[in-house]
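No value in this document is a laboratory result; all are computed from the given coordinates. Since this is a predicted model, take the numbers as computed values, not measurements. Glycine gets a Cβ as well: all are built from the backbone with ideal geometry, and neighbour counts include every protein chain shown.
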Amino acid sequence: MKRNIFLAAFFIIIVFLVYTNLSVKPLLTPRVKQNLWQIRSIDTVKYSRDVAREKEKDLEFDKVIEIQVANIAKTGANYIAIGTPYDSEFKPFLNRWVAAARHYNLKVWFRGNFSGWEGWFNYPKIDRAQHLKQTEEFIVNNSDLFEDGDIFTSCSECENGGPGDPRQTRDIDGYRQFLISEYNTSKTAFAKINKKVATGYFSMNGDIARLIMDSTTTKATGGVVVIDHYVATPEKLVGDVKELIKSSGGQLFLGELGVPIPDITGSMTEDEQANWIKKALTDLPYQGDLIGLNYWVSVGGSTQLWDENNHPRKVVDVLKQFYSQKI
């Protein structure tokens, strides 16, 4: 009798172990690690916008594009910010940058504007109505330019053109409504061409964001506030990021981050630049309300990651550490 009870108990245990191994264990899969931020970008504006007319017919410039994009991809970035204007004159030049980005499996943050908004390249100035019209036409007529997962900003640093800076004009409501109209126009246009491209992401000065991006405006423009923000210390940067997340009620994206800016941070050695960025990236929020950052700039200017001969500065290793890290 005891032997039968023992065998029955043993059989039940075996059945239980087999059942749990087959039915429960597959559910206990390890958590997939994620990058610190959804968007890890590097900006190319000095070479993708500033020389757009100078280099638009220089096919040798493709070698420069290739090297810069390859270097950006090696950092662990998943986006590249391209500032080429959206006017038809510059479309072939924009195509060259986008083709290189696709080759290195980078998504594109289209961070340009129409030249007439600020008067780039001696273009005649345009108003808000013209800008909205040109935005819709640009998206609908260039569906081949975009991929699902890209980001499109129709009016980067809008405060620098059009009717002017709302801090001076005090046309706060008008400025807010224009951003909302730009967002809706872009969103509708991408739906027409069946592309899942994030719109809005209106990069702006941090003080503009404090003035303009209340919770209603933030929600109406996609829920993301983008700031181009330069401050003296990492502590100030982190504090401002947290403050704007709270005041806007949305997520935040650092549209421009880089040092040194001589009139703000003073000059820096390579070590000082690397240490400043390392401190900032260590203390910024992860995997939450700060969804990403765009280092400004790849090549050219005081904050550059690589010199004009494509030699990396020490800060490149710091950025790679954080862009490649998963938790």
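Applying the condition of being out of contact with any Asp or Glu (no Cβ under 6 Å at 6 or more places or on another chain), surrounded by fewer than 21 Cβ atoms within 10 Å (Cβ to Cβ) and of a type outside the set (D, E, K, R) to the range 146-161 and asking which residue is farthest from Phe253 (Cα to Cα) yields Phe146. Against the numbered list (1) in a loop (DSSP other than H, G, I, E, B); (2) closer than 22 Å to Leu106 by Cβ; (3) within 21 Å of the chain's Cα centre (by Cα), Leu254 comes up short only at (1).
When the range 37-60 is limited to residues that are of a type in the set (A, V, I, L, M, F, W, C) and touching a residue at least 12 places away in the same chain (Cβ under 8 Å), the one that is farthest from Thr282 (Cα to Cα) turns out to be Ala52.
The single condition among (1) in contact with a helix residue (DSSP H, G or I) (Cβ under 9 Å, 6 or more places away or on another chain); (2) buried (at least 18 other Cβ atoms within 10 Å of the Cβ); (3) under 17 Å from Asn35 (Cβ atoms); (4) among the β-branched types (Val, Ile, Thr) that Thr282 does not satisfy is (2).
Please go through the range 97-115 and give me each residue that is without any contact (Cβ under 8 Å) to a residue 40 or more places away in the chain, crowded, with 19+ Cβ neighbours inside 10 Å and either in a helix (DSSP H, G or I) or in contact with a Gly (Cβ under 6 Å, 6 or more places away or on another chain) (or both), ordered by number. Scanning the range 97-115 gives Ala100, Ala101, Ser115. When Val226 is tested against (1) without any contact (Cβ under 8 Å) to a residue 60 or more places away in the chain; (2) surrounded by 19 or more Cβ atoms within 10 Å (Cβ to Cβ); (3) outside any loop (DSSP other than H, G, I, E, B), just one condition goes unmet, and that condition is (1).
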